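To start, the structure itself, in structure tokens.
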């Protein structure tokens, strides 16, 4: 069984709660590892809805592990460690999700990677990042600027502006009823066009009712998401990429995955794209072999990377500590 270690790391002025999952029988030397970044709306570190801090936002839902918990176990079975964390304002992390913005969440992912680089058991040269949904733009932003990240995974990702993706998702959820049982999803879908209009007027916030709760959402993160399409970031990426998408995703149409793959190919990458037939955004009904196939493809692409001088120094320092222990 994998070994799970709960920890906290600094993200700006906040402390975020996380779980580091280690393989129970690692091979010799340092362990390759991946950062797992969750999707839209308040989420817990396992990738499921954050029912602890936002109980009125989501229905009780079926029991079962979240997508990122399943991915962590699949990676551990292949000798790869992973870190997943509660986003700010969710689970056991500090802060407020409602007032957070996209660029802060990108910085949080960078801080998570930085914190793990002090772990002597982890391999700085074999690092990956996996983004689910909104995590797509976070993972791409981090990977473009960090040469030590060797592989990128995208699950339920998107290519175009979130404004366009959101509108298409609202239409799809209205047609199918997917995820409309959650009060937060229904409320945001009703207010989607008003959010777009307020963002275009550069307004700072919007108020909406979720059940009996009145919530004020800061709009900075929405504006940042509208103006940061992943396809623009993909043109700057030169890395191995694995894409997984549910055929019945009501948040990001599978066409988004195909478009992202096309842009990556045009930029000199060779992405692998996998389709989970009949699965939705969270792949809750996807069989284990779907998750395992993605993990296999990602692990195969975690080749050692050349490190920048500062990381070489960190690597040498921790090696010296190991030899003197």
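Rule-based calculations on the coordinates, nothing more; no lab input. All of these numbers come straight from a predicted model, not from anything done at the bench. FYI the Cβ positions are ideal-geometry reconstructions off the backbone, even for glycines, and counts take in every protein chain you see.
Below are the figures for this structure:
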{"read-out": "Per-selection Rg to Rh, the chain - Cα, Kirkwood hydrodynamic radius", "value": "0.96"}
{"read-out": "Value of Rg to Rh for the range 54-170 (Rh from inverse mean 1/r over Cα pairs, i.e. Kirkwood)", "value": "0.97"}
{"read-out": "Per-peptide average of other Cβ atoms within 10 Å, ordering 169-180, 108-119 highest first", "value": "108-119, 169-180"}
{"read-out": "In nm, spacing of pseudo-spin labels at residue 107 and residue 238 (7 Å Cα→C-beta vector)", "value": "3.0"}
{"read-out": "Sum of -39500 (n - 2.57) over DSSP H runs of 4+, divided by residues of the chain (222 nm, nearest 500)", "value": "-11500 deg cm²/dmol"}
{"read-out": "Mean Cβ neighbour count within 10 Å, used as a protection proxy, ranking 128-139, 153-164, 289-300 highest first", "value": "128-139, 153-164, 289-300"}
{"read-out": "Relative packing of 223-232, 209-218, 187-196, which averages over residues the other C-beta atoms within 10 Å, highest first", "value": "223-232, 187-196, 209-218"}
{"read-out": "Hydrodynamic radius of the range 1-86 per Kirkwood, over alpha carbon pairs, in Å", "value": "13.8"}
{"read-out": "Share, in percent, of DSSP beta bridges within the chain that are antiparallel, nearest 5", "value": "45"}
{"read-out": "For the range 118-170, Kirkwood radius (reciprocal of mean inverse C-alpha pair distance, Å)", "value": "12.4"}
{"read-out": "Residues residue 218 and residue 52, FRET efficiency given R0 of 25 Å [Cβ-Cβ distance, rounded to 0.05]", "value": "0.75"}
{"read-out": "Hydrodynamic radius (Kirkwood) for the range 189-278, which is based on Cα pairs only, to one decimal in Å", "value": "15.6"}
{"read-out": "Stretch gain in nm, segment residue 193-residue 255, where the contour uses 0.36 nm per residue and the Cα spacing is subtracted", "value": "20.1 nm"}
{"read-out": "Simple spin-label estimate for residue 248 and residue 3 in nanometres, 7 Å along Cα-Cβ", "value": "4.0"}
{"read-out": "Relative contact order (percent, whole number), the range 187-280, Cα cutoff 8 Å, 6+ residue spacing", "value": "24"}
